[in-house]
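The structure appears right after this line, and notes come after that.
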Amino acid sequence: MATGTLSDYQNKRIHFIGIGGCSMSGLAQILASRGFEVTGSDVRESAFTEQLKKRDIPYYIGHDEKHVHGAGMVVYSAAIKPYNPEYAYAAAHDIPMLERSKLLGLLSGEYDSVVCIAGCHGKTTITSMLALIMQGTEEDATVHVGGMVEFLEGGVKLGNGNAFITEACEYVRSFLTLHPSHILVNNIDDDHLDCYRDIDDIFNTFVEFIQKQDENGILMLNASDELAMRLKNHAKGRVITYNQPDESDWYLDNVMFDELGCGAGDVIHKGKNLTTVKLTVPGLHNLKNALAAIAFANEVFGANVKKAAAAMKDYKLAGRRFELIGERNGVRMFHDYAHHPSEIAACLEAAKLVPHKKLWAIFQCNSYTRARTLLDKYATCFHDADEVLMPDIYPGRDTDTQGIHSLDVVAAINKCSYNCLYIPTFEEIKEYLHKNWTPGDIVITLGSGDVNRQQMIFLRD
């Protein structure tokens, strides 16, 4: 494994295995902008490799050990297995190796101010909203986002300032590599139970994370999330709260939605109405995310609240977040990355606000572990959909079915809302939809597996 600091590799080539991923591509671009020689490889082109082309960062399609020859360090993502030829060659020849999250941690140590957005849901949206607010300001922060953000043309913004804004992901405890100055925690939920024992294990890891914070930093907590608020008892920095009307430091008042389900509300700070924020994306959860970004920008960077709120009128959701995919026969099709029951419920609540005749939800459960551990919660999160279609479970990182099947999830949902049908394949789902949908319906596919690619089938004959 690689040791030392990034400066030890300043005159050595750093090779990224899996460079086409969002985070890996962003990290490669940041290092290249700081003068490092960077190369990479991946199995296919992607929107993120397009950004590498624009920045003249060389990469290969396909994995081959020769790509690693002469590298001073190899960076690999969690998706890369030891039998990958590049990984295997680097390990066999004692080339220093670094997992992606550890590189992110090393990189965060290079900045004076590290601003972390954490939580089991909403990280990408809040981080990209914060990036939009800070766009063009004198801080000129570097930003690392875990998704495709339209105005960034990718998942990274290369800055020359001393601030680093990043998502802080709890999966496999990767955020513990970071060096946080300021932290926002949007929520704590029972996700990633393939790598956590239970919700207490998740909460305790968040405690460990916030205790890495600078003592003079800000810890911003979502006051409407019970577990997030429990972190207050373990805080080292100054605690600021948001999202609980009349109780938290920041909250929304006079919330309303337009005919497309897009929200607006007054931004209240310590009882004073500072401005109004209006979004052009649907859903109450997105309006609350906007409040978090506005408040955090003001508290950490001193951003003008009115200007921050005004920036939100230009906000578009990151890729795979209520993304309009296309239209066929008068039926609009959306996709959302939502895969945890809390995310699904919020997404469908937003979808219900969009004008439609019938709301179809196609849910691809990603991993047998999620299906098994969250079965009771999946049962209750689809009530806003008129009809739910579920194909076979996408295995994700799992190698064992754990005795769970899509039929078990369908049965659980039907005990609560009686609206779910098991259809094993996407081709069969397409046939069912084409026979039963009508103009004015909307279809939203849900999941973090390959459902976003599979759904293109629905637009074809």
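The values are calculated or read from the model by the stated rules, or taken from the named source; none is laboratory data. As the structure is a computational prediction, the values presented were derived from the model and not from experiment. Note: ideal-geometry Cβ built from the backbone for every residue, glycine included; neighbour counts use all protein chains shown. Only protein heavy atoms, including side chains, enter the accessible area calculation; ligands, DNA and RNA are left aside. Shrake-Rupley method; radii C 1.70, N 1.55, O 1.52, S 1.80 Å.
Given the condition in contact with a helix residue (DSSP H, G or I) (Cβ under 8 Å, 6 or more places away or on another chain), of a type in the set (S, T, N, Q), open to solvent by 10 Å² or more (accessible area, probe 1.4 Å) and in a loop (DSSP other than H, G, I, E, B), answer yes or no: does some residue in the stretch 15-29 qualify?
Taking every residue of the stretch 15-29 in turn, none turns out to be in contact with a helix residue (DSSP H, G or I) (Cβ under 8 Å, 6 or more places away or on another chain), of a type in the set (S, T, N, Q), open to solvent by 10 Å² or more (accessible area, probe 1.4 Å) and in a loop (DSSP other than H, G, I, E, B).
Evaluate the following for Thr438: is it of a type outside the set (A, V, I, L, M, F, W, C), loosely packed, with under 15 Cβ neighbours inside 10 Å, assigned to a loop (DSSP other than H, G, I, E, B) and within 26 Å of the chain's Cα centre (by Cα)?
no
Note down all Cβ pairs under 9 Å where the first residue falls in the stretch 123-141 and is closer than 21 Å to Cys169 by Cα, the second is open to solvent by 30 Å² or more (accessible area, probe 1.4 Å) and of a type in the set (Gly, Ala, Ser), and they're at least six residues apart or on different chains.
Lys123/Gly146; Thr124/Gly146; Thr127/Gly146
Take the residues in the stretch 385-416 that are modelled with pLDDT under 95 and acidic (Asp, Glu), then tell me which one is nearest to Leu348 (Cα to Cα).
Here the answer is Asp398.
I need a count of the residues in the stretch 200-223 that are open to solvent by 60 Å² or more (accessible area, probe 1.4 Å) and out of contact with any Pro (no Cβ under 9 Å at 6 or more places or on another chain).
Count: 6.
Just checking, does the stretch 107-114 include any residue being buried (at least 22 other Cβ atoms within 10 Å of the Cβ) and within 27 Å of Asp200 (Cα to Cα)?
Yes, the stretch 107-114 contains at least one residue that is buried (at least 22 other Cβ atoms within 10 Å of the Cβ) and within 27 Å of Asp200 (Cα to Cα).
Considering each of Leu221, Leu227, Leu284 in turn, give the residue that is touching a Gly at 6+ places or on another chain (Cβ under 7 Å) and either closer than 21 Å to Glu167 by Cα or aliphatic (A, V, I, L, M) (or both).
From the options Leu221, Leu227, Leu284, the qualifying one is Leu284.
Looking at Ala310 and the list (1) at pLDDT 95 or above; (2) under 22 Å from the mean Cα position of the chain (by Cα), which single condition is not satisfied?
(2)
Spot the failing condition for Glu431; the list is (1) within 28 Å of the chain's Cα centre (by Cα); (2) open to solvent by 20 Å² or more (accessible area, probe 1.4 Å), and only one is missed.
Glu431 satisfies every listed condition except (1).
Criterion first (in a loop (DSSP other than H, G, I, E, B) and farther than 24 Å from Ala318 by Cα) does Gly35 satisfy it?
So Gly35 fits the description; yes.
Just a yes or no: is a residue in the stretch 230-238 in a helix (DSSP H, G or I) and open to solvent by less than 50 Å² (accessible area, probe 1.4 Å)?
Checking the stretch 230-238: at least one residue is in a helix (DSSP H, G or I) and open to solvent by less than 50 Å² (accessible area, probe 1.4 Å).
Here's the yes/no breakdown for (1) of a type in the set (D, E, K, R); (2) in contact with a His (Cβ under 7 Å, 6 or more places away or on another chain):
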site	(1), (2)
His67	no, yes
Ser77	no, no
Asn84	no, yes
Ala88	no, no
Met97	no, no
Arg100	yes, no
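For the stretch 156-176, enumerate the residues that are among the hydroxyl-bearing types (Ser, Thr, Tyr) and at pLDDT 95 or above.
Thr166
Which one of Lys53, Lys66 is open to solvent by 30 Å² or more (accessible area, probe 1.4 Å), free of Cβ contacts under 8 Å to residues at least 12 places away in the same chain and over 30 Å from Gly449 (Cβ atoms)?
Lys66
Does any residue of the stretch 181-198 turn out to be hydroxyl-bearing (Ser, Thr, Tyr) and closer than 22 Å to Ser448 by Cα?
yes
Given the structure, is Ala79 closer than 15 Å to Gly18 by Cα, among the small types (Gly, Ala, Ser) and either touching a Lys or Arg at 6+ places or on another chain (Cβ under 8 Å) or not in a loop (DSSP other than H, G, I, E, B) (or both)?
Considered against the rule, which asks whether it is closer than 15 Å to Gly18 by Cα, among the small types (Gly, Ala, Ser) and either touching a Lys or Arg at 6+ places or on another chain (Cβ under 8 Å) or not in a loop (DSSP other than H, G, I, E, B) (or both), Ala79 comes out as no.
Just to be sure, is Lys102 in contact (Cβ under 8 Å) with a residue 60 or more places away in the chain and open to solvent by 10 Å² or more (accessible area, probe 1.4 Å)?
For Lys102, the condition - in contact (Cβ under 8 Å) with a residue 60 or more places away in the chain and open to solvent by 10 Å² or more (accessible area, probe 1.4 Å) - is met.
Tell me, which residue of the stretch 248-288 that is in contact with a strand residue (DSSP E or B) (Cβ under 9 Å, 6 or more places away or on another chain) and among the charged types (D, E, K, R) is surrounded by the most Cβ atoms within 10 Å (Cβ to Cβ)?
Lys288
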